[in-house]
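For reference, the structure discussed in these notes is given below.
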Amino acid sequence: MADQFDLVILGSGSTAFAAALAAQELGKTAVMTEERPIGGTCVNRGCLPSKNLIEAAKLIHDARHPRYPGLQPSRIGLDFAALVAQKDDVVHEYRKKKYESLVDGRITIEKGHVRFVDPNTVEVGGKKIRGDKVLIATGSRPVLPDIDGLERVPYLTSDLLTVDEPMELRELPKSLLIVGGGYIALELGQMFSRFGAEVTILERGPQLLGHGYEPEVGRSIGEIFAHEGIQVVYNATAKSVRQDGADVVATAIAGGREREYRTAKLLIATGRRPNTDNIGIERAGVRVGKCGELEVNEYLQTSVAHVFAAGDVIDGQHSAQQATPVGSQDGGIAARNAFAPDPSQMRRVDHRVIPRVIFTDPQVAVVGMTDEQGTAAGHDCWCNTLPMSLVPRAGAIRDTRGIIKMVADKKSGEVLGVSMVGHNAGEAIHEAAMALRFRAKIQDFIDLLHVYPTMAEALKIVAISRYKNPAKLSCCAE
Ligand SMILES: Cc1cc2nc3c(=O)[nH]c(=O)nc-3n(C[C@H](O)[C@H](O)[C@H](O)COP(=O)(O)OP(=O)(O)OC[C@H]3O[C@@H](n4cnc5c(N)ncnc54)[C@H](O)[C@@H]3O)c2cc1C
């Protein structure tokens, strides 16, 4: 006999928890299933540990490189193992508070690898569980590229940040070769470089970040990395790897030439794929897309009416992003839709405005469309890119690194997208996100009084540049 629940959830990440809590609010019973630490990627091996350690690396960097003449550089000693141990403490505490403590009463967890038995039943740890409704929230995992010899050498993935698992990295490597130039490569690359590792990034394209980002953003962060001594090799494809003593040697085609890179540790950061290939999905009868993503409609319903999916596992469908707030919002929507009295009461997902931040220093923050995406969507676009040196706050605090780019519809003036690289860009981008949500126009950014001097003023200044040369304005002038 299978245990019976109103909602069976595959996974226990932030998407799953949001769904379980929504089900609980509706008076339903929910069970989550998990084979790794409870709480999923964000708390255990993603957002939380990375942001914890990135800030520590910034403290080291800022002490060594004070921006102000008159401040003497100083060296902060580094005990990497102790730093990792405090990271683990932060994760344990947060996991307990925000995840484990919520499991009681109507919400339960079953540990073990979960697989479908039929569209309503899963098996986990030798137990069968049946749900009236099912949510698949199994997240994603690192993609392994086709590199000859990879299976024969030790390599790291973003799982190096994990806690309570053997993949956790506890010793600082002397050197780190990163394959990939996306957000994980940038965040971890700069962090390890600041801890003292010699970092080299192999980027496939002509600039960092590539697809989905403005080219100016990739170029700007690339210059900042170069200035910090992080080596980025552009137009580089890793072909093979081999072990040589304690080192790994990678052979790559870079700029048309074959080159070798010797490293103490190899980090593969070439993207993530949905976890749908090891859950017996065929027994659920659910349709899966080309890259392993679960196909869903805008109500997060799969091709089988009572089975829903949300979070990383749906990848970029309906303009979703693999990010915790997206999964959390969608997890709640999926659970409520699953129990909607009739389909007319289901809620559609809304992925039109998703602000995103890469926690490099300075931060990369984007929202809405790039110039290319705006044009492809049929807009006649105006856009402009300005250096952060035009922003009074950046000058005042002696950190003028970065750029801001705004994209708007030429005729209506509606702002379609903003990209920033700059100090506190991750905070300032929320003004742009709210503006996009309410379809604000260029003039709205100009008319809004901004606090002086803040980094958010960058938005006003780039908007003014539609009509005037912002280099010729006095402070706060419009
Ligand atoms: C290094 C890194 C940094 C990140 N930083 C940020 C950030 O700063 N901000 C942000 O918004 N996002 C960030 N992300 C992305 C974010 O972590 C994910 O988008 C989010 O955690 C996805 O949540 P989820 O619930 O969909 O999946 P997950 O949290 O991955 O949960 C899915 C769970 O399902 C389990 N599972 C899968 N298959 C099975 C199975 N067959 N049996 C049992 N259990 C199974 C997995 O073990 C996993 O715990 C980061 C990711 C990484 C890797």
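Label the chain by shape, choosing from rounded, prolate and oblate, from the square roots a ≥ b ≥ c of the eigenvalues of the Cα gyration tensor; if a/c is under 1.5 it is rounded, and otherwise prolate applies when a/b is larger than b/c, oblate when it is not. It comes out oblate by the Cα gyration axes. By the gyration tensor of its Cα atoms, with a ≥ b ≥ c the square roots of the eigenvalues, what is the shape of region 135-206: rounded for a/c under 1.5, prolate for a/b over b/c, or oblate? Taking the square roots of the gyration eigenvalues as a ≥ b ≥ c, region 135-206 is rounded.
Could you list, in their original order, any pairs among 405/468; 128/290; 87/265; 410/468; 111/290; 405/441 whose Cα atoms are separated by more than 18 Å? From 405/468; 128/290; 87/265; 410/468; 111/290; 405/441, over 18 Å: 128/290; 87/265; 111/290. Output the relative contact order of region 150-270, whole-number percent, from Cα pairs under 8 angstrom with separation of 6+ residues. In percent, rounded to a whole number, it is 32.
When you restrict to C-alpha pairs under 8 Å that are six or more residues apart and normalise by the size of region 377-478, the relative contact order lands at 27 percent. Place a label point 7 angstrom from the Cα of residue 81 along the Cα-to-Cβ direction, then list the residues of region 174-206 whose backbone nitrogen is under 18 Å away. It comes to 174, nothing else. DSSP bridge analysis restricted to the chain gives an antiparallel fraction near 60%, rounded to the nearest 5. Once C-alpha pairs closer than 8 Å and six or more residues apart are averaged by separation and normalised to the residue number of the chain, the relative contact order reads 14 percent.
Taking each DSSP H run with n ≥ 4 as -39500 (n - 2.57) and averaging over every residue of the chain yields -8500 deg cm²/dmol at 222 nm. What is the list of residues in region 344-366 whose amide nitrogen lies under 16 Å from a point 7 angstrom out from the Cα of residue 319, following Cα to Cβ? Counting backbone N atoms under 16 Å from the label point, the list is 348-356, 366.
None of the figures in this text is laboratory data; all of them are computed from the coordinates on show. These figures come from a predicted structure and were not determined experimentally. Cβ sites come from the backbone with ideal geometry, for glycine too, and all protein chains shown count toward neighbours.
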